[in-house]
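J.: Sharing a structure, written as structure tokens. Questions coming.
The values are calculated or read from the model by the stated rules, or taken from the named source; none is laboratory data. Computed from a prediction, not measured in an experiment: that's the story for all the values here. With ideal geometry, Cβ positions are generated from the backbone for all residues, glycine too; neighbour counts draw on all protein chains shown. Heads up: the accessible areas ignore ligands, DNA and RNA and are worked out on the full protein's heavy atoms, side chains in. Shrake-Rupley method; radii C 1.70, N 1.55, O 1.52, S 1.80 Å.
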Amino acid sequence: MKIGIIGSGYVGLVTGVCFAHLGNEVLCVDNDLKKIALLKKGISPIYEPGLEEMIRSNLQKGQIHFSSHIDDAVKKCEVLFICVNTPPKDRGEADLSFVENVAREIATRLRQYRLIVEKSTVPVQTGERIYQTICEMKAKTTLFDVASNPEFLREGSAIHDFLNPDRIILGVSTPKAEKILRKLYEPLMAKIVVTDLKSAELIKHASNSFLATKISFVNALARICDASGANIDMVTEGMGLDPRIGASFLRPGIGFGGFCFPKDLMAFLRISEKMGIPFNLLREVLDINEDQKRFFVKKIENHLWNLRDKTLGVLGLSFKPNTDDIRFAPSLDIIGELLKEGVKIQAYDPKASGHFKKQFKDIRYVKNPYEAAKHADALVILTEWDEFKTLDMKRIKKIMKHAIVFDGRNIFDPVLMKRSGFQYFSIGR
Ligand code: UDX
């Protein structure tokens, strides 16, 4: 099939290369000319494992093309995926102006049947709005459908997630739209759930909110473990074996970040408020998440006493491993707080230092974890990159001023760390 991707950001690019990989001819559009110029050369504007390689190989095969003109996509592609940004406004509500613009641009160019699919995370009833907008602006006789096909891609494993989905949600309003989308996804041989448009939109918000709720639940629980002397690993193991609860997404830490959970939860809360049925549980989930970062800073303060002029080695800045993304990363708030207290920070992240540097200039960015640990009063782990799990801790202990580790991601075994001579503080154990 000929597929047009409108918006070549994170979701758009991954969706585009994966559809190309499945044998479709894909045209990715973006109004950022610099980005399109890079993509045409096979350079990915974001770091995502495997993405750049797939862009290059599909460019070579002629399966993927990039353009800054939406006309090309509307003219040539039967299916158009809307993958533009829906950033948060001041009060957390999703800004849908990019989505509306795309709908208008498609409408004025519609000459023959097109299936328009929303892929960006949008509030329930957005599909309806897109439909109305296009109806009002298009030429009278042209037919089209609007569908919702939410993505569940995790940064760092987005390509794997796309090609191996747990389920594919097709929110459609006509048999024709269903038929086209089924055919498109057929090669993945995944479980397909067909719903109406609004239910598909809600599935995305509900899934993200539920996952975030699990994380806040376990973080609140970890604080109870800290206070009572119980061990969160044992508690979650005992809980997670109940299939009704499940073991995944019960890892305690310093709170969830990234461009999905915080933003989507806030947007969902605002939608529910607008409907007059505020989903207050979500407010609590967000509050616990904010508290969790303060709780971690307090933990550091409690043990180091005065922070002024102490040197902290920080390992990890991205909101999770295998990405250079720092949007809503817990590290931003935690490091912000620590700097306010007058600490000196020497930080290492395998991919995210470049982005972090733009926001925090008063940090010494170093080239490896050992430089971060050198002469430090304590080591602070903020992201669980694999390379931190296999560090030579004997060497780390030797080069630190004091062998103290605050592990915000529970990557080490507390017993082994104590046995190796570290004062080791983690979350809920
Ligand atoms: C998430 C959803 O998983 C994905 O389906 C959706 O499409 C986009 O949002 P992503 O934000 O890439 O994906 O990352 P995810 O792996 O879900 O982690 C989100 C945050 O939660 C990270 O900050 C992570 O560190 C944190 N997390 C996750 C925990 O603190 N504990 C856990 O048990 C799991």
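J.: Along the charge dipole of segment 2-195, pointing to its positive end and built from +1/-1 on Cβ of Lys, Arg, Asp and Glu, which listed residue (107, 49, 28) has its Cα farthest out?
T.: Of the options given, the answer is 107.
J.: Only bridges with both residues in the chain count here: give the DSSP antiparallel percent, nearest 5.
T.: The antiparallel fraction comes to roughly 5 percent.
J.: I would also like to ask the following. In nm, give the distance between the simple-model label positions of residue 113 and residue 283, each being 7 Å from the Cα along the Cα-to-Cβ direction.
T.: Result: 4.8 nm between the two label points.
J.: If you take the square roots of the eigenvalues of the alpha-carbon gyration tensor of segment 218-334 and sort them as a ≥ b ≥ c, do you get rounded (a/c under 1.5), prolate (a/b over b/c) or oblate? Write out the running numbers ahead of the final one.
T.: Values: a/c = 1.71, a/b = 1.23, b/c = 1.39.
Because a/c hits 1.5 or more and a/b fails to exceed b/c, segment 218-334 counts as oblate.
J.: For the chain, build the charge dipole from Cβ charges (+1 Lys, Arg; -1 Asp, Glu) around the Cα centre, then report which of 423, 193, 243 sits farthest towards its positive end.
T.: Checking the options against the dipole of the chain, the answer is 423.
J.: Could you tell me which of rounded, prolate or oblate describes segment 2-195, using a ≥ b ≥ c as the square roots of the eigenvalues of the alpha-carbon gyration tensor, with rounded for a/c under 1.5 and, failing that, prolate when a/b is larger than b/c and oblate otherwise?
T.: Details: a/c = 1.33, a/b = 1.24, b/c = 1.07.
Judged from the Cα gyration tensor, segment 2-195 comes out rounded (a/c under 1.5).
J.: Name the most mobile residue of 415, 218, 14, meaning the one with the largest mean-square fluctuation, in a Gaussian network model of the chain with Cα contacts below 10 Å.
T.: Maximum among the listed residues: 415.
J.: Multiplying the sequence separation of residue 53 and residue 308 by 0.36 nm and subtracting their Cα-Cα distance, what value in nm do you get?
T.: 87.2 nm
J.: Could you tell me the relative contact order of the chain? Use alpha-carbon pairs under 8 Å, at least six residues apart, and round to a whole percent. Kindly include the intermediate steps, with their values, before the conclusion.
T.: Details: 842 pairs, mean separation 49.2, N = 429.
So the answer I get is 11 percent.
J.: Quote the charge dipole size of segment 319-429 about the Cα centre in Debye, to the nearest 20; the model charges only the Cβ of Lys and Arg (+1) and of Asp and Glu (-1).
T.: The dipole magnitude comes to about 360 debye.
J.: With +1 on each Lys and Arg Cβ and -1 on each Asp and Glu Cβ, and nothing else charged, work out how big the dipole of the chain is about its Cα centre, in Debye to the nearest 20. List each step's numbers first, then the result.
T.: Values: 63 positive and 53 negative charges, 147 e Å.
Rounded to the nearest 20 debye, it is 700 debye.
J.: Also, quick follow-up: Cα axis of helix 51-61 to longest principal axis of the chain: angle in degrees, 0 to 90, nearest 10?
T.: In the chain, helix 51-61 runs at an angle near 30 degrees to the longest axis.
J.: Would you mind working out the accessible area per residue for segment 211-291, using a 1.4 Å probe, and quoting it in Å²?
T.: Working: 4020 Å² over 81 residues.
That works out to 50 Å² per residue.
J.: Compute a Gaussian network model of the chain, connecting alpha carbons closer than 10 Å, and tell me which residue from 82, 254, 271 fluctuates the most.
T.: So, out of 82, 254, 271, the one fluctuating most is 271.
J.: Considering only protein heavy atoms and a 1.4 Å probe, what is the carbon-and-sulfur percentage of the accessible area of the chain?
T.: Carbon plus sulfur share of accessible area: 53 percent.
J.: Same structure again: Rounded if a/c is under 1.5, else prolate if a/b is larger than b/c, else oblate: which is segment 164-216, with a ≥ b ≥ c the root eigenvalues of its Cα gyration tensor?
T.: It comes out oblate by the Cα gyration axes.
J.: Next question, about the same structure. Using mean Cβ contacts within 10 Å as the protection proxy, how do 399-411, 35-47 order, highest first?
T.: 399-411, 35-47
J.: Got a sec? What order do 418, 389, 204 fall in by accessible area at 1.4 Å, biggest, i.e. largest, first?
T.: 418, 389, 204
J.: Here's a follow-up. Rounded to the nearest 0.05, what FRET efficiency is calculated for residue 179 and residue 359 with R0 set to 41 Å and r the Cβ-Cβ distance?
T.: Between residue 179 and residue 359 the formula returns 0.30.
J.: How about segment 143-179: which trypsin sites (Lys or Arg not before Pro) there are in a DSSP loop, with at most 15 other Cβ atoms within 10 Å of their Cβ?
T.: The qualifying sites are 154, 167.
J.: What's the magnitude of the charge dipole for segment 286-348 around its Cα centre, counting Lys and Arg as +1 and Asp and Glu as -1 at the beta-carbon? Answer in Debye, nearest 20.
T.: 200
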